[in-house]
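The values are calculated or read from the model by the stated rules, or taken from the named source; none is laboratory data. Quick caveat, the model's predicted, so the values are computed rather than measured. Cβ placement follows ideal geometry from the backbone for every residue including glycine, while neighbour counts extend to all protein chains displayed. Keep in mind that these areas ignore ligands, DNA and RNA; they rest on the heavy atoms of the full protein, side chains included. Shrake-Rupley method; radii C 1.70, N 1.55, O 1.52, S 1.80 Å.
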Amino acid sequence: MSSIEGTRLTTTIPRSAANLGVGAAAVTAQRIGHTFDNGFRALAPTDLHVDAGSFCTLLGPSGSGKTTVLRILAGLLTPSEGRVLIGGHDVTNEPVQKRDIGFVFQHYALFPHMTVAQNIAYPLRIRGASKQEQATRVDTVLELISLQAQKDLRPDQLSGGQQQRVAIGRALVYGPKVLLLDEPLGALDRRLRQQLGSELRRIQQETGTTAIYVTHDQDEAFLLSDKVVVMNHGHVRQQGAPEHIYASPIDIFVARFVGDTNLIRGVARRTCEGAALHVGNQVVNCRAASAVNDTQPAALSVRPEDVRLAPIGTPYNGFVFGQGVVIDRVFLGARYRTMVQVGDYQFAVESGRDDYAPLSGTIVQVGWADGLPVLLNAPD
């Protein structure tokens, strides 16, 4: 089995499941929005495009609107405005069964009295597929999800991870062009989520289907996705490749939600090189992820792994923010996490086991490589 710990899967796997007839379709949402009958605005007008055959994750906290988007794409909820296109066809008013989608829920919803094979075959049976076609497709799916030996077991005889693989297989067995997944790994422990996430990505790549996935877990989103859409309070805050969102968050919410960060507040200034933040008597050069409002309050974001500590007076080929005192150091196995107080600011620093990681009470200088910090407008 492949592992997704520490690195996102990008290897294309031969499509041995081609005889399932799984294709792929692009999904486009044009200004979809939704207001419930009680007046609650769950989703502001939202644009979204997911390329055919890609893996897109809707990421955000509870109440951010990500499940509302998924339900609209599935046809389980009619948008108050906007339209949905699957494979270029307007399906806004089409029922679920005509959208050529598979849906996987957090709670597996398997039939307890049916075997694994019978659960997987159920969508084919209700569509009137012949017994021969059912048998062929079920065998293919069982191989795809690595449950051939468990095909005659009932759900209560399976582990949680195996049950979720059955749910994924059932969603794929009739060859949908789009697979929608609503927090399918949320009920599993962290290690099992990593293992099954690896399997899910493998299955998606092998079948070539388009996948749209909902989660509040940043690690899942980054490790699985070609594209991440960060949402909050019914709005899309940023969307793009995981690497871009992490390195260049567009605002403070995104910077905090997609990983730990250190924030330094000050006043923004436009410069010939791009942007800078004035903090007291210091000028900190940085990158601007969005348009900079000159002379307005702003914040600089620098990731813990980008902060460097050094003994006082050590030459450093980068920017030195100042001197501080180590107030805590925690050993986390592969790395150290160190907290340093620098004036009014407290920095979180992550370093490798072979890097400089001083004990509490040590006076150090704190800095980072030029060009790493990102300037963010409108701090909260």
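How about segment 134-152: which of its residues are over 18 Å from E199 (Cβ atoms) and not in a helix (DSSP H, G or I)?
Scanning segment 134-152 gives a single hit, D152.
Only residues that are within 21 Å of R41 (Cβ to Cβ), in contact (Cβ under 8 Å) with a residue 24 or more places away in the chain and assigned to a loop (DSSP other than H, G, I, E, B): list them for segment 79-121, please. Can you show your working first?
Filtering segment 79-121 down to residues within 21 Å of R41 (Cβ to Cβ) leaves 79-84, 92.
Add one more test, that the residue is in contact (Cβ under 8 Å) with a residue 24 or more places away in the chain, and what stays is 79-84.
Of everything in segment 79-121, those that are within 21 Å of R41 (Cβ to Cβ), in contact (Cβ under 8 Å) with a residue 24 or more places away in the chain and assigned to a loop (DSSP other than H, G, I, E, B) turn out to be P79, S80.
Which residues, counting only those in segment 274-316, are within 14 Å of V374 (Cβ to Cβ), of a type in the set (D, E, K, R) and part of a loop (DSSP other than H, G, I, E, B)?
R303
Are any of the residues in segment 139-162 of a type in the set (D, E, K, R) and closer than 30 Å to G88 by Cα?
No, every residue in segment 139-162 fails to be of a type in the set (D, E, K, R) and closer than 30 Å to G88 by Cα.
Looking at the structure I just gave you, is D328 touching a strand residue (DSSP E or B) at 6+ places or on another chain (Cβ under 9 Å), of a type in the set (D, E) and part of a strand (DSSP E or B)?
Numbers: touching a strand residue (DSSP E or B) at 6+ places or on another chain (Cβ under 9 Å): yes; of a type in the set (D, E): yes; part of a strand (DSSP E or B): yes.
Yes, satisfied.
Of the conditions (1) surrounded by 19 or more Cβ atoms within 10 Å (Cβ to Cβ); (2) within 13 Å of the chain's Cα centre (by Cα), E199 fails just one. Which one is it?
Evaluating E199 over (1) surrounded by 19 or more Cβ atoms within 10 Å (Cβ to Cβ); (2) within 13 Å of the chain's Cα centre (by Cα) leaves (2) as the failure.
Out of segment 182-195, which residues are closer than 13 Å to D219 by Cβ and buried (at least 21 other Cβ atoms within 10 Å of the Cβ)?
Within segment 182-195, L185, R193 meet the criteria.
If the requirement is being closer than 18 Å to A299 by Cβ, of a type in the set (D, E, K, R) and surrounded by fewer than 16 Cβ atoms within 10 Å (Cβ to Cβ), which of these qualifies: D355, D344? Give the derivation first.
Working: D355 fails: closer than 18 Å to A299 by Cβ.
None of the others qualify; the one that does is D344.
What's the total number of residues in segment 142-167 that are among the β-branched types (V, I, T) and at pLDDT 90 or above? Even if it seems obvious, please write down each step before you answer.
Looking only at segment 142-167, we keep the residues that are among the β-branched types (V, I, T), and these are 145, 166.
Imposing the further condition that a residue be at pLDDT 90 or above reduces the set to 166.
Result for segment 142-167: 1.
Counting only residues that are out of contact with any His (no Cβ under 8 Å at 6 or more places or on another chain) and under 23 Å from L73 (Cα atoms), give me the helices (runs of 4 or more DSSP H) lying completely in segment 162-247 with at least 3 of them.
Numbers: elements: 190-207, 218-224, 242-247.
Here the list reads 190-207, 218-224.
Pick from segment 358-371 the residues that are open to solvent by 60 Å² or more (accessible area, probe 1.4 Å) and in contact with a Lys or Arg (Cβ under 8 Å, 6 or more places away or on another chain): which of them is farthest from I264 (Cα to Cα)? Talk me through it step by step, then tell me what you get.
Taking segment 358-371 first, the residues open to solvent by 60 Å² or more (accessible area, probe 1.4 Å) are 359-360, 363, 370.
Adding the requirement that they be in contact with a Lys or Arg (Cβ under 8 Å, 6 or more places away or on another chain) leaves 359-360.
On the way: L359: 24, S360: 22 Å.
Out of the qualifying residues, it is L359.
Hey, can you tell me all the residues within segment 99-121 that are open to solvent by less than 80 Å² (accessible area, probe 1.4 Å) and among the aromatic types (F, W, Y)?
F103, Y108, F111, listed by residue number.
Write out, first by first residue and then by second, each pair whose Cβ atoms fall under 9 Å of each other, whose residues are 6+ apart or on separate chains, and whose first residue, in segment 122-141, is open to solvent by 60 Å² or more (accessible area, probe 1.4 Å) while the second is outside any helix (DSSP H, G or I).
Y122/F111; Y122/M114; Y122/V173; R127/Y174; D139/K151
What are the residues in segment 269-299 that are over 31 Å from the mean Cα position of the chain (by Cα) and of a type in the set (S, T, Y), if any?
T271, T295
Of the conditions (1) among the charged types (D, E, K, R); (2) open to solvent by less than 20 Å² (accessible area, probe 1.4 Å); (3) touching a strand residue (DSSP E or B) at 6+ places or on another chain (Cβ under 8 Å), K177 fails just one. Which one is it?
Against the list (1) among the charged types (D, E, K, R); (2) open to solvent by less than 20 Å² (accessible area, probe 1.4 Å); (3) touching a strand residue (DSSP E or B) at 6+ places or on another chain (Cβ under 8 Å), K177 comes up short only on (2).
Which numbered condition trips up V69, out of (1) in a loop (DSSP other than H, G, I, E, B); (2) more than 22 Å from R165 (Cα to Cα); (3) out of contact with any helix residue (DSSP H, G or I) (no Cβ under 7 Å at 6 or more places or on another chain)?
(1)
For the subset of segment 306-334 comprising residues that are modelled with pLDDT of 95 or more and within 26 Å of the chain's Cα centre (by Cα), which member is surrounded by the most Cβ atoms within 10 Å (Cβ to Cβ)?
Within segment 306-334, the match that is surrounded by the most Cβ atoms within 10 Å (Cβ to Cβ) is V307.
For segment 241-286, which positions are of a type in the set (S, T, Y) and either on the phi > 0 side of the Ramachandran plot or at pLDDT below 90 (or both)?
Taking segment 241-286 and keeping what is of a type in the set (S, T, Y), we get 246, 248, 261, 271.
Matches in segment 241-286: T271 only.
Need the failing condition index for R83 against (1) in contact with a His (Cβ under 8 Å, 6 or more places away or on another chain); (2) at pLDDT 95 or above; (3) surrounded by fewer than 17 Cβ atoms within 10 Å (Cβ to Cβ), just the number.
(1)
Any residue in segment 249-270 that is in contact (Cβ under 8 Å) with a residue 60 or more places away in the chain, open to solvent by 40 Å² or more (accessible area, probe 1.4 Å), more than 30 Å from E199 (Cβ to Cβ) and part of a strand (DSSP E or B)?
So far as segment 249-270 goes, yes, one or more of its residues are in contact (Cβ under 8 Å) with a residue 60 or more places away in the chain, open to solvent by 40 Å² or more (accessible area, probe 1.4 Å), more than 30 Å from E199 (Cβ to Cβ) and part of a strand (DSSP E or B).
Does segment 203-217 hold any residues that are open to solvent by 10 Å² or more (accessible area, probe 1.4 Å) and under 19 Å from F105 (Cα atoms), and which are they? Outline the logic, then answer.
Taking segment 203-217 and keeping what is open to solvent by 10 Å² or more (accessible area, probe 1.4 Å), we get 205-206, 208, 216-217.
H216, D217, listed by residue number.
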